[in-house]
Amino acid sequence: MSTFKRKRGGPGPGDKKSKKVKFVADVSEPPAETNQEKTNEVTIPPPVSMGKWTNKERVLIFSSRGINFRTRHLMQDLRNLMPHSKADTKMDRKDKLFVVNEVCEIKNCNKCLFFEAKKKQDLYLWVSNSPHGPSAKFLVQNIHTLAELKMTGNCLKGSRPLLSFDPVSTKSQKCTFSTPRYHPKSQPFVDHVFTFTIADNRIWFRNYQIIEEDASLVEIGPRFVLNLIKIFQGSFGGPTLYENPDFQSPNMHRRQIRLAAAAKVREKQMVKELQKMKKAEANVAVDKDVTADVFLTPAEEKPVHIQTEAPEPKVVKKNKHKAFKRQRMQMARR
C-alpha cells in the first residue's frame with residue numbers, strides 16, 4: 001500500500017492554490033523497491049469554487065425622455081434577459097451625459113446601457129464602463145421585440161447565456177452582456193446564446209435557444225442592429241479612440257432620400273416638356289405638306305399686250321315686243 005504525505009514548506013490546508021505532495025512507499029513494502037524507486041512529486045489541482053459570488057458587476061439600463069414604445073419594450077426585454085441589470089427613471093433631455101456616471105454610482109452599477117432618443121425617430125445606444133471608461137456610441141436600427149417577433153424559441157428566465165462575439169469585439173462589451181457566475185438572481189443553466197455578428201459594417205444582435213436533442217439553434221428574440229459611431233476613452237466623453245469612417249448620420253441619409261425624390265420629379269417634368277415639344281413639331285409638319293407641289297407644272301408665259309386704243313362699243317338689239325315663251329310655243333303649234 002502507498003500513501004500521500006505533504007511536503008515540508010508546502011501550502012496549508014486552507015490555501016486554494018495548487019498543492020505539491022511527495023509519493024512515499026509504505027513501510028510494509030520491501031526496502032529494495034524503495035531504494036530503486038525515487039520520490040515523485042504529484043501536483044493536485046486547486047479545489048473547485050463552492051458557489052461564491054465574486055463578480056459584483058451590475059448593469060444600469062435606462063433611457064432619456066422622448067423614446068417610443070418599441071424602445072421601451074426593448075429595454076424591458078434586455079432587463080429580463082440580464083438578471084444582473086437594474087432600472088432607473090428616464091433622464092431629462094437638458095441634463096448632460098456626465099450625469100449618467102452619478103446615477104450609476106447611486107445605483108451601485110459599474111456598467112451602463114443608456115438609450116438616447118433624438119427627434120423622436122433616431123435612437124442611440126451608449127455602452128459605457130462607469131466611471132472611468134471606455135464608452136462606445138451606437139446608432140440602433142431595425143428593432144424587433146420579443147412580443148413582436150413571436151418566435152418559437154424559449155429560455156429559462158435568469159439563465160446565464162453563452163456569448164458569441166466576432167474577433168473585433170472589445171472586452172468591455174463582453175463584460176457588459178455576460179451574467180456573473182453565481183449571481184443571486186441567475187439560474188445555474190445555460191440554454192441560450194447571445195450572438196454579436198458583424199456584417200455590412202454593423203453589429204447584428206441575435207438571441208438563440210440551444211436545443212439539447214440535436215444542438216440546433218432556434219431564435220428567441222429580441223433583435224436589433226448596432227451601427228458604431230465612435231469609441232471614447234472616458235465614460236460618455238473624453239478623447240476619441242476610434243471613429244467609424246463608413247458611418248452616415250440619419251439626417252444626411254434622410255436628406256439624400258429627399259434629394260433623390262426631388263431629382264425624380266425634375267426628371268419627370270423634363271420628360272413631359274420634351275414630349276410636348278415633339279408633339280408641337282409633329283403638328284407643324286402635318287399642316288404644311290412638302291410633297292404637295294411635286295406634280296404641278298408651271299404654265300406657259302404669254303406675251304404682254306398693251307392696248308393703246310379704246311375698244312369699240314357693243315351693239316345691243318332691243319326687242320320691246322318680244323313675246324313670252326308660252327306664246328311663242330302656241331304660235332309654233334299653229
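Before we move on, is Q76 farther than 18 Å from K185 by Cα and either open to solvent by 20 Å² or more (accessible area, probe 1.4 Å) or acidic (D, E) (or both)? Please lay out each step first, then the result.
On the way: farther than 18 Å from K185 by Cα: no; either open to solvent by 20 Å² or more (accessible area, probe 1.4 Å) or acidic (D, E) (or both): yes.
Against the criterion (farther than 18 Å from K185 by Cα and either open to solvent by 20 Å² or more (accessible area, probe 1.4 Å) or acidic (D, E) (or both)), Q76 does not qualify.
Just checking, does the stretch 133-148 include any residue being surrounded by fewer than 13 Cβ atoms within 10 Å (Cβ to Cβ), under 18 Å from the mean Cα position of the chain (by Cα) and small (G, A, S)? Full working, then the answer.
Let us first name the residues in the stretch 133-148 that are surrounded by fewer than 13 Cβ atoms within 10 Å (Cβ to Cβ), namely 142, 147.
Subsequent filtering for residues that are under 18 Å from the mean Cα position of the chain (by Cα) retains 142.
Next, only the ones that are small (G, A, S) stay: none.
No, that holds for no residue.
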Next item on the list: Tell me, yes or no, whether the stretch 34-57 has at least one residue that is under 30 Å from N129 (Cα atoms), touching a helix residue (DSSP H, G or I) at 6+ places or on another chain (Cβ under 7 Å) and modelled with pLDDT of 90 or more.
Entry: no
Next item on the list: Determine the pairs where a residue that is over 21 Å from C175 (Cβ atoms), located within the stretch 68-90, has a partner that is in a helix (DSSP H, G or I) with Cβ atoms under 7 Å apart, the partner being 6 or more residues away or on another chain.
Entry: H73/A147
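Looking at the structure I just gave you, is I61 touching a helix residue (DSSP H, G or I) at 6+ places or on another chain (Cβ under 9 Å), in a loop (DSSP other than H, G, I, E, B) and not acidic (D, E)?
On the way: touching a helix residue (DSSP H, G or I) at 6+ places or on another chain (Cβ under 9 Å): yes; in a loop (DSSP other than H, G, I, E, B): no; not acidic (D, E): yes.
No; evaluated as a whole, the condition is false for this residue.
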Check: Does the stretch 66-75 contain any residue that is at pLDDT 85 or above, in a loop (DSSP other than H, G, I, E, B), over 23 Å from L162 (Cβ atoms) and not aliphatic (A, V, I, L, M)?
Finding: yes
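The values are calculated or read from the model by the stated rules, or taken from the named source; none is laboratory data. Every value quoted in this text rests on a predicted model; they were computed, and no experiment measured them. So basically every Cβ, Gly included, is an ideal-geometry build from the backbone, and we count neighbours across all protein chains shown. To get the accessible areas, we keep the full protein, side chains included, count just its heavy atoms, and leave off ligands, DNA and RNA. Shrake-Rupley method; radii C 1.70, N 1.55, O 1.52, S 1.80 Å.
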